[in-house]
Amino acid sequence: MILVIKGLFILFMILTLSGCHSEESNFVKESTSPSSAALEQESSISQDIETTELNQEDCSLKITIGEHTFYAAFADNPSAEEFRELLAEGPITITMKDYGGFEKVGPLGTTLTRTDAKITTEPGDIILYQGNQITIYYGVNSWNFTKLAKISDSSGLKDKLGTGTIEATFSLETQE
């Protein structure tokens with residue numbers, strides 16, 4: 001029974017440390033009758049695991065710029081997963097400037113793995129450029145980029161981003 005409890009605790013720690021990465025956990029409960037204290041502990045761990053799984057499945061990217069808040073769905077690639085893990089440590093604020101008349105760009109402050117592919121951006125695309133720059137596209141551009149996320153509602157994005165230098169705060173948001 002102690003091995004089952006230790007196993008559940010280890011499983012809980014793995015799920016907790018995995019950020020917003022969604023994985024399902026399967027475990028087998030022992031069929032013998034454990035003590036009431038062990039049952040309470042097992043029940044508590046199971047509830048924590050279920051809560052963690054729900055939070056991980058509903059995790060999205062939140063971007064705050066001035067009075068505007070945008071929500072984005074993460075791309076399905078290793079770079080987006082690294083970005084999500086970075087944000088699990090806390091929000092990141094990036095000073096971003098206009099570039100080329102179609103994007104805001106700023107230094108991430110660290111380097112992420114690149115999974116570049118030839119793409120044509122659309123308004124609302126969040127792109128990793130050269131492994132260490134974050135861009136928010138409000139126009140169209142074709143190049144070899146790594147897509148990190150896509151803003152769900154990009155209507156009026158260029159106007160909402162404004163002109164000149166901005167401060168954009170990237171964080172994780174758990175949708176309930």
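When 146, 121 are screened for being over 17 Å from residue 68 (Cβ atoms) and in contact with a helix residue (DSSP H, G or I) (Cβ under 6 Å, 6 or more places away or on another chain), only 146 passes.
Number of residues in the range 93-112 that are touching a residue at least 40 places away in the same chain (Cβ under 8 Å) and among the aliphatic types (A, V, I, L, M): the value is 2. When the strands (runs of 3 or more DSSP E) confined to the range 80-122 are screened for residues that are surrounded by 16 or more Cβ atoms within 10 Å (Cβ to Cβ), those reaching at least 2 such residues are found at 92-99, 103-107. The set of residues in the range 124-151 that are more than 16 Å from residue 101 (Cα to Cα), part of a loop (DSSP other than H, G, I, E, B) and among the hydrophobic types (A, V, I, L, M, F, W, C) is empty.
None of 40, 67, 103 is farther than 27 Å from residue 131 by Cα, in the same structural domain as residue 134 (by TED's automatic domain parsing), over 20 Å from the mean Cα position of the chain (by Cα) and at pLDDT 50 or above except 67. Would the range 158-168 turn up any residue that is without any contact (Cβ under 8 Å) to a residue 24 or more places away in the chain, surrounded by fewer than 14 Cβ atoms within 10 Å (Cβ to Cβ) and closer than 19 Å to residue 73 by Cα? Looking for residues that are without any contact (Cβ under 8 Å) to a residue 24 or more places away in the chain, surrounded by fewer than 14 Cβ atoms within 10 Å (Cβ to Cβ) and closer than 19 Å to residue 73 by Cα, one finds none in the range 158-168, hence no. Annotation: of all residues in the range 148-169 being of a type outside the set (Val, Ile, Thr) and in contact with a strand residue (DSSP E or B) (Cβ under 6 Å, 6 or more places away or on another chain), the one that is nearest to residue 124 (Cα to Cα) is 150.
Of all residues in the range 106-114, none are of a type in the set (S, T, N, Q), modelled with pLDDT of 95 or more and closer than 19 Å to residue 139 by Cα.
Here the range 152-176 is the region considered, the condition is being out of contact with any helix residue (DSSP H, G or I) (no Cβ under 7 Å at 6 or more places or on another chain) and either in a strand (DSSP E or B) or farther than 19 Å from residue 66 by Cβ (or both), and the residue that is modelled with the lowest pLDDT is 176.
The values are calculated or read from the model by the stated rules, or taken from the named source; none is laboratory data. Just so you know, these numbers come straight off a predicted model, no measurement behind them. Every residue, glycine among them, receives a Cβ derived from its backbone with ideal geometry; neighbour counts consider all protein chains shown.
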